[in-house]
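Reviewing the structure listed below.
The values are calculated or read from the model by the stated rules, or taken from the named source; none is laboratory data. Here the structure is a predicted model, which is why all the values come from computation and not from measurement. Using ideal geometry, Cβ is built from the backbone for each residue, glycine included, and neighbour counts are taken over all protein chains shown.
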Amino acid sequence: MMFPSHLAGTLIPAMAFLSCLRPESWEPCMEVVPNITYQCMDLNLYKIPDNLPSSTKNLDLSFNHLRHLGSHSFSNFPELQVLDLSRCEIQVIEDDAYQSLNHLSTLILTGNPIQSLALGAFSGLPSLQKLVAVETNLISLENFPIGHLKSLKELNVAHNFIHSFKLPGYFSNLPKLEHLDLSKNNIQNIYHKDLHILHQNSSLNLSVDLSMNPIVFIQPGSFKGIRLHELTLRSSFDSMNIMKTCIQGLAGLEVHRLVLGEFRNERNMNDFDKSALEGLCNLVIEEFSLANLEESLKDAELFHCLTNVSAISLVSLGLYHLKGFHNKYGWRSLELVNCEFEQFPTLELFSLERFILTENKDGLTFAEVTLPSLEYLDLSKNGLSFKGCCSYDDFSTNRLTHLDLSFNGVIIMSSNFLGLEGLQHLDFRHSNLKQASDFSVFLSLKNLRYLDISYTHTRVVFHGIFAGLVSLEILKMAGNSFQDNVLPDVFKEMNNLTFLDLSACQLEQVTQEVFNSLSSLRLLNMSHNNLLTLDILPYKSLQSLHVLDCSFNRIVASKNQELQYFPSSLTFLNLTQNDFACVCEHQSFLQWVKDQRQLLVEAEQMLCASPLDMRGIPVLSFRNATCQMSKTIIGVSVVTLLVVSVVLVLVYKFYFHLMLLAGCKKHSRGESTYDAFVIYSSQDEDWVRNELVKNLEEGVPPFRLCLHYRDFIPGVAIASNIIQEGFHKSRKVIVVVSNHFLQSRWCIFEYEIAQTWQFLSSRAGIIFIVLQKVEKSLLRQQVELYCLLKRNTYLEWEDSVLGRHIFWRRLRKALLDGKPWSPEGTEGAE
Amino acid sequence: MEGFTAVLLIWTLIAPGSSGGSGREAWPTHLACREGGLEVLYQSCDPLQDFGLSMDQCSKQLKSNLNIRFGIILREDIKELFLDIALTAKGSSILNYSYPICEEDQPKFSFCGRRKGEQIYYAGPVNNLGVDIPKGEYQVLLELYTESRATVACANATIISF
């Protein structure tokens, strides 16, 4: 970038202004692991904090304002292993700055504008393995004082101003150095003498990254006889011709892995053709990688210097002209990523063991390939359609152990892997599987350990879908569905299964015996289904279950009596995001949740969904007291109701007695209109008229009797008449006992009222007249009357004249008792 | 235009990061481009830092190889990097898009795999559909994040087409 100089004038005041805005603060560092790891990033620190424990092993001081590292700056932290000083505005590092850090293995100095680096800056540091000095204004490796760091494995000096690839002599003191990152520097020319140290020292197994250097010249023979582990040259050449000559300059190099190509945002060449790689014939390469060239590559001639390479990786290349690869290459591994094939490449490579074709354009149709040595096949992310999967015929190999067909189009399952019995890993996720539930698709896969059919639009109808999978350890089938949304018994024989993912399968119910054979299962994911209760019985047989995830269901509660059957091995149970009903009905479940808080994942995130007033409130805050309170309320109201109804029943039953009671208070004594109220059966009316009325009303003194046929007021209910006319207005009651009397309900009613009346008025007011010999059996039915007659004196109507005379005398005497002396009576008597 | 871009980028790259204090004001709104009937404004929604962005030759007829310049100092390692785009207009969502920018094997871009503290400056084309933007005001939420879901950059952009 070119910056106009006058801008500096505006920038400096702006900077000053900004720094005024940010006062120094001493916020404490974040403790990530107590006494071990501390994060002090971006805390406006101007010096190294001294309040951290000396046992600190990992210290992140990045984005502060340390500016100057004096000697023994870190003497407080003798245990340090990782020290991050990125963007600390460090300009000066003095001698012995890191002295005494005997355990430091990683030192990061990224983004510091170092101007003065003392020769002894890195002294000490006997254990340093990784030194990152990216963007540190480094001009050459020669003056970088790291020659004594014997344990150094990785040196990253990318994005500096290094001009020369000259590896300094001190590299011979770094026997463990493996990685040297020189990317994004200013290296233009590589000469034979630069690699002098590598010529001398063949024991180094170095990986060098020279990407994004403007390389124009590599002296032929510079790399002759040198062995590197990896050489990366991405976006290092400005044109095809430079690349071609530079690759020729690499002649004689023996490299395990060579990476060429460009980056999408750092493209320089636009005239790439097959001749660019001609120079590779003079190299010994184990693995070759080519990435991100804009030009389309027309033919496989490009690879004629790469026939003996073991592994080829081609990424983001326009290979759409290429029809396929035929058997002249000795490749064992071929990786084709995002290479824009227009049709599925024809493949006939007898030695190929590993083939990867991913991220191609959508819409390819699989064509049969001839890869007899193939063990590993990855065809994921191609939108591929597969007309009949899968059997030996498709790949012509019976060595296949890994097959990945995930993220593809329609895959029709037409054969059950005949000839592919060695498969151990099978992945179909996010492809559209057809006919997977029509027959036992996996029947012959006795060695399969991993199966992923997540989100494959599979609707499980056939219960034998997983038959044959006796070695299966991991089964992922999220995002599918089951007939009637009930999980049927489909996991028979899977004794080795440890991981089962059934999330997002729209499950509403689980059959009881479904997990019975899964004795090794450790993780079960039932989340994102539609389960309404936590039904525990199905999980009872899972002796090894560690993790059960039932989150994102609609679980309201669980049946109390089942909670005890939870597998004892369970250590994580996730019940968050369910529809818990925080009501007293589920009190024991809610209590169980509280008791099992250690078991439950994010127990405090379990929220009530109902009732409305509890919505969004944590289940843990449900109080049992609420339930006890309502129990008391219920108890009290039940008792009240009972009492009220008893009272009502009593009132109903003793209504007339109460009427009587009310009347008794109203009518005071002495106001009686009648001397006696006669209770008799209408069958005995003749006797009453002819004998009783005649003798008592017409005799001396005359008595007034109350008789229903004469004195009851018409238009008033009989019961009211009996009480108001009969009892209230009479002093005495005459009961005429006969067989008819005992049979009449009205008479018995009147007699009962009379009893109450006598009790209420607390005087002996009932006179019994036994008219005829009463049948004992009838009398016994009226137990009270029977007892009364036994205990009380009663009058007996007799046929003899003498008997009658005595009868009337006794009756008169009884009626006279309490009769007020009235003048009328005296007059009448005279 | 160039000068403005340069100032913006330098300012955002050099300006020290925030102290992470809670009561800090929002980042200022920057102009990414104003040309040809189109105005693009953005504001960083990452509480930790602001960043610089500009678009070359923007116009209502969006070119399919739109060139942008983008500069930021990383506060996270970006072994893997993802971009989420959410486009809304008048409160209703029009487009949600997620795109992997950096993957672990054979990264597409040279900045992939960079670590905390390193500076990224991207000047180059971005893929887009190359459509005419109808008149109106659009909100775009852009978020760059890593495999551990740590935000690398976040922007609330407003696109006004007149």
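Residue by residue, here is whether (1) in contact with a Phe, Trp or Tyr (Cβ under 9 Å, 6 or more places away or on another chain); (2) among the polar types (S, T, N, Q); (3) more than 24 Å from residue A:294 (Cα to Cα) holds:
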residue: B:95; (1), (2), (3): no, no, yes
residue: B:101; (1), (2), (3): yes, no, no
residue: B:104; (1), (2), (3): no, no, no
residue: B:107; (1), (2), (3): yes, no, no
residue: B:125; (1), (2), (3): no, no, no
residue: B:134; (1), (2), (3): no, no, yes
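Inside the stretch A:118-132, can you point out the residues that are buried (at least 23 other Cβ atoms within 10 Å of the Cβ) and over 22 Å from residue A:76 (Cβ atoms)?
A:132 - this is the single residue of the stretch A:118-132 that is buried (at least 23 other Cβ atoms within 10 Å of the Cβ) and over 22 Å from residue A:76 (Cβ atoms).
For the stretch B:112-122, which residues satisfy the criterion of being surrounded by fewer than 19 Cβ atoms within 10 Å (Cβ to Cβ) and more than 8 Å from chain A (Cβ to nearest Cβ)?
The one that is surrounded by fewer than 19 Cβ atoms within 10 Å (Cβ to Cβ) and more than 8 Å from chain A (Cβ to nearest Cβ): B:113.
Could you check the stretch A:28-108 for strands (runs of 3 or more DSSP E) lying wholly inside it with 1 or more residues that are modelled with pLDDT of 90 or more and of a type in the set (Ser, Thr, Tyr)?
A:37-39, A:106-108
Would you please list the contacts, defined by Cβ atoms under 6 Å and residues six or more apart or on different chains, that run from a residue in the stretch B:76-92 that is at positive phi to a residue that is surrounded by 15 or more Cβ atoms within 10 Å (Cβ to Cβ)?
Close Cβ pairs (under 6 Å, with a partner that is surrounded by 15 or more Cβ atoms within 10 Å (Cβ to Cβ)) do not exist here.
Which one of the conditions (1) under 16 Å from residue A:680 (Cα atoms); (2) in a loop (DSSP other than H, G, I, E, B) does residue A:799 fail to meet, given that it meets all the rest?
(1)
If you go through the stretch B:31-45 one residue at a time, do you hit one that is acidic (Asp, Glu), within 14 Å of another protein chain (Cβ to nearest Cβ) and either closer than 28 Å to residue A:108 by Cα or part of a strand (DSSP E or B) (or both)?
Looking through the stretch B:31-45, none of the residues is acidic (Asp, Glu), within 14 Å of another protein chain (Cβ to nearest Cβ) and either closer than 28 Å to residue A:108 by Cα or part of a strand (DSSP E or B) (or both).
Which of the residues belonging to the stretch A:467-478 are under 13 Å from residue A:500 (Cα atoms) and either hydrophobic (A, V, I, L, M, F, W, C) or at pLDDT below 95 (or both)?
A:472, A:474, A:475, A:477, A:478
Write out, first by first residue and then by second, each pair whose Cβ atoms fall under 7 Å of each other, whose residues are 6+ apart or on separate chains, and whose first residue, in the stretch A:612-636, is over 13 Å from residue A:583 (Cβ atoms) while the second is surrounded by 11 or more Cβ atoms within 10 Å (Cβ to Cβ) and charged (D, E, K, R).
Pairs that qualify, where the first residue is over 13 Å from residue A:583 (Cβ atoms) and the partner is surrounded by 11 or more Cβ atoms within 10 Å (Cβ to Cβ) and charged (D, E, K, R), are A:618/A:604; A:620/A:594; A:620/A:604.
Yes or no: the stretch A:573-581 includes at least one residue that is within 16 Å of residue A:529 (Cβ to Cβ) and among the charged types (D, E, K, R).
Yes, the stretch A:573-581 contains a residue that is within 16 Å of residue A:529 (Cβ to Cβ) and among the charged types (D, E, K, R).
Which of the residues that make up the stretch A:278-298 are at pLDDT below 85 and surrounded by fewer than 18 Cβ atoms within 10 Å (Cβ to Cβ)?
A:294, A:295, A:296, A:298
Okay, residues lined up against (1) touching a His at 6+ places or on another chain (Cβ under 6 Å); (2) under 13 Å from residue A:123 (Cβ atoms); (3) within 14 Å of chain B (Cβ to nearest Cβ):
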position: A:70; (1), (2), (3): no, no, no
position: A:77; (1), (2), (3): no, no, no
position: A:85; (1), (2), (3): no, no, yes
position: A:88; (1), (2), (3): no, no, yes
position: A:99; (1), (2), (3): yes, yes, no
position: A:104; (1), (2), (3): no, yes, no
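Out of the residues in the stretch A:258-277 that are at pLDDT 85 or above and assigned to a strand (DSSP E or B), state the one that is farthest from the other protein chains (Cβ to nearest Cβ).
Checked the stretch A:258-277; the qualifying residue farthest from the other protein chains (Cβ to nearest Cβ) is A:258.
Return the residues of the stretch A:154-174 that are assigned to a loop (DSSP other than H, G, I, E, B) and either in contact with a His (Cβ under 7 Å, 6 or more places away or on another chain) or aliphatic (A, V, I, L, M) (or both); say none if nothing qualifies.
A:157, A:158, A:162, A:167, A:174
Where residues in the stretch A:308-350 are among the small types (Gly, Ala, Ser) and within 20 Å of residue A:258 (Cβ to Cβ), which of them is farthest from the chain's Cα centre (by Cα)?
Residue satisfying both the conditions and the ranking: A:330.
Regarding the stretch A:766-783, can at least one residue be identified that is surrounded by 13 or more Cβ atoms within 10 Å (Cβ to Cβ), within 20 Å of residue A:726 (Cβ to Cβ) and modelled with pLDDT under 75?
yes
Testing residue A:113 on (1) in a loop (DSSP other than H, G, I, E, B); (2) within 16 Å of residue A:60 (Cβ to Cβ), one condition comes back false. Which one is that?
With (1) in a loop (DSSP other than H, G, I, E, B); (2) within 16 Å of residue A:60 (Cβ to Cβ) applied to residue A:113, the lone miss is (2).
If you scan the stretch A:199-245, which residues turn out to be more than 14 Å from chain B (Cβ to nearest Cβ) and of a type in the set (Lys, Arg)?
A:224, A:227, A:244
Residue A:139 - would you say it is within 30 Å of residue B:75 (Cβ to Cβ), within 14 Å of chain B (Cβ to nearest Cβ) and of a type in the set (A, V, I, L, M)?
no
Go through the stretch A:421-468 and count every residue that is under 19 Å from residue A:504 (Cβ atoms), of a type in the set (A, V, I, L, M, F, W, C) and surrounded by fewer than 19 Cβ atoms within 10 Å (Cβ to Cβ).
Counting residues in the stretch A:421-468 that are under 19 Å from residue A:504 (Cβ atoms), of a type in the set (A, V, I, L, M, F, W, C) and surrounded by fewer than 19 Cβ atoms within 10 Å (Cβ to Cβ) gives 1.
Could you tell me which numbered condition residue A:108 fails, if it satisfies all but one of (1) closer than 22 Å to residue A:194 by Cα; (2) crowded, with 21+ Cβ neighbours inside 10 Å; (3) of a type in the set (Val, Ile, Thr)?
(1)
In the stretch B:61-111, what residues are of a type in the set (Ser, Thr, Tyr), within 14 Å of chain A (Cβ to nearest Cβ) and surrounded by 14 or more Cβ atoms within 10 Å (Cβ to Cβ)?
Correct list: B:110 only.
Report the residue count in the stretch A:538-594 for those that are farther than 24 Å from residue A:630 by Cβ and not in a loop (DSSP other than H, G, I, E, B).
Looking only at that region, the number is 13.
Take residue A:324 and tell me if it is of a type in the set (Gly, Ala, Ser), more than 18 Å from residue A:442 (Cα to Cα) and modelled with pLDDT under 90.
yes
Go through the stretch A:486-496 and give me each residue that's surrounded by 16 or more Cβ atoms within 10 Å (Cβ to Cβ), of a type outside the set (Val, Ile, Thr) and over 22 Å from the mean Cα position of the chain (by Cα).
Hits for the stretch A:486-496 are A:488, A:491, A:492, A:494, A:496.
Which condition number in (1) in contact (Cβ under 8 Å) with a residue 24 or more places away in the chain; (2) farther than 16 Å from residue A:816 by Cβ; (3) assigned to a loop (DSSP other than H, G, I, E, B); (4) among the aliphatic types (A, V, I, L, M) is the one that residue A:736 fails?
(3)
Taking the stretch A:335-353, which residues are assigned to a strand (DSSP E or B) and either at positive phi or more than 14 Å from every other protein chain (Cβ to nearest Cβ) (or both)?
Answer for the stretch A:335-353, where residues must be assigned to a strand (DSSP E or B) and either at positive phi or more than 14 Å from every other protein chain (Cβ to nearest Cβ) (or both): A:346, A:347, A:348.
Within the stretch B:68-108, which residues are among the hydrophobic types (A, V, I, L, M, F, W, C), farther than 20 Å from residue B:44 by Cβ and at pLDDT 90 or above?
Across the stretch B:68-108, the qualifying residue is only B:102.
Give the residues of the stretch A:389-410 that are crowded, with 20+ Cβ neighbours inside 10 Å and not β-branched (Val, Ile, Thr), sorted by residue number.
A:389, A:390, A:394, A:395, A:400, A:403, A:404, A:405, A:406, A:408, listed by residue number.
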